[in-house]
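I have placed the structure first, in the form of structure tokens, so that the comments after it can refer back to it.
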Amino acid sequence: MDYIFPLANTLHALAAVIWVGGMFFAHQVLRPALGANEPPVRLGIWGRVFARFFVWVWLAVIILPITGYAMVYGDFGSFENAGMHVTVMHAIGWVMIALYLYLYVVPYGQYRQAVKAEDWPRAGKILPIIRRIVGTNLVLGLITIVVAVSGRFWG
Ligand code: HEM
């Protein structure tokens, strides 16, 4: 069973890379690049991008807590033993997951309906809400990664 914690740690890091890296690409690269397109084209592309990316985000939001708790309780024994950086990561992680769940159910649910109905003015109003939440989660994700990888060197 020696492989369990290295495997948990690896899956944990991969899930973080895919989620945070995907948000970085969407927010910082794809969004400005698509800006020049007409709304029906741009909003339709975003609908298809979200449909594919969110499958991976669902995997990440399931894998991160499972592997995180496996490491905390299985490897370290407790949050106290794991260190302050893990407590901080845990708190920010749940804020990120809660924001994603809200994003998926409320604005993304409305966005999907608007795109299906080809109601582009409505889809165009919802997209900035999704962008703000993704932008917030991107910043939180980057902070979490800094905390996670620097934490073992604190104090
Ligand atoms: C949901 C609750 C979470 C728990 C309980 C948790 C727990 C842990 C633990 C115990 C470690 C190992 C720390 C160490 O070896 O010093 C770790 C590492 C890490 N975590 Fe989390 N984590 C959570 C969420 C997140 C989130 C949301 C992200 C980023 C989006 C993240 C990114 C990372 C990264 C990048 C590492 C470093 C891996 C390495 O250096 O080997 N974690 N986490």
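The values are calculated or read from the model by the stated rules, or taken from the named source; none is laboratory data. Owing to the predicted nature of the structure, the values given are computational and were not obtained by experimental measurement. Don't worry about glycine lacking a Cβ; one is built from the backbone with ideal geometry, like all the others, and counts go over all protein chains shown. The protein model used for the area step is the full one, side chains on, heavy atoms only, and it has no ligands, DNA or RNA in it. Shrake-Rupley method; radii C 1.70, N 1.55, O 1.52, S 1.80 Å.
Listed values, structure above:
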| quantity | calculated |
| --- | --- |
| Top-ranked residue of the stretch 115-137 - restricted to ones that are without any contact (Cβ under 8 Å) to a residue 40 or more places away in the chain and either among the aliphatic types (A, V, I, L, M) or touching a strand residue (DSSP E or B) at 6+ places or on another chain (Cβ under 7 Å) (or both), ranked as farthest from G47 (Cα to Cα) | I133 |
| Residue check, I92 touching a residue at least 24 places away in the same chain (Cβ under 8 Å) and more than 18 Å from V146 (Cα to Cα) | no |
| Any hit, the stretch 25-37, residues being modelled with pLDDT of 95 or more, more than 10 Å from the ligand (Cβ to nearest atom), part of a helix (DSSP H, G or I) and in contact with a Ser or Thr (Cβ under 9 Å, 6 or more places away or on another chain) | no |
| Failed item in (1) open to solvent by less than 50 Å² (accessible area, probe 1.4 Å); (2) more than 13 Å from the ligand (Cβ to nearest atom); (3) of a type in the set (A, V, I, L, M), with V55 passing the rest | (1) |
| Test for E80: is it assigned to a loop (DSSP other than H, G, I, E, B) and either farther than 30 Å from M1 by Cα or among the acidic types (D, E) (or both) | no |
| Residue within the stretch 122-143 that is open to solvent by less than 50 Å² (accessible area, probe 1.4 Å), in a helix (DSSP H, G or I) and within 19 Å of L11 (Cα to Cα) present | yes |
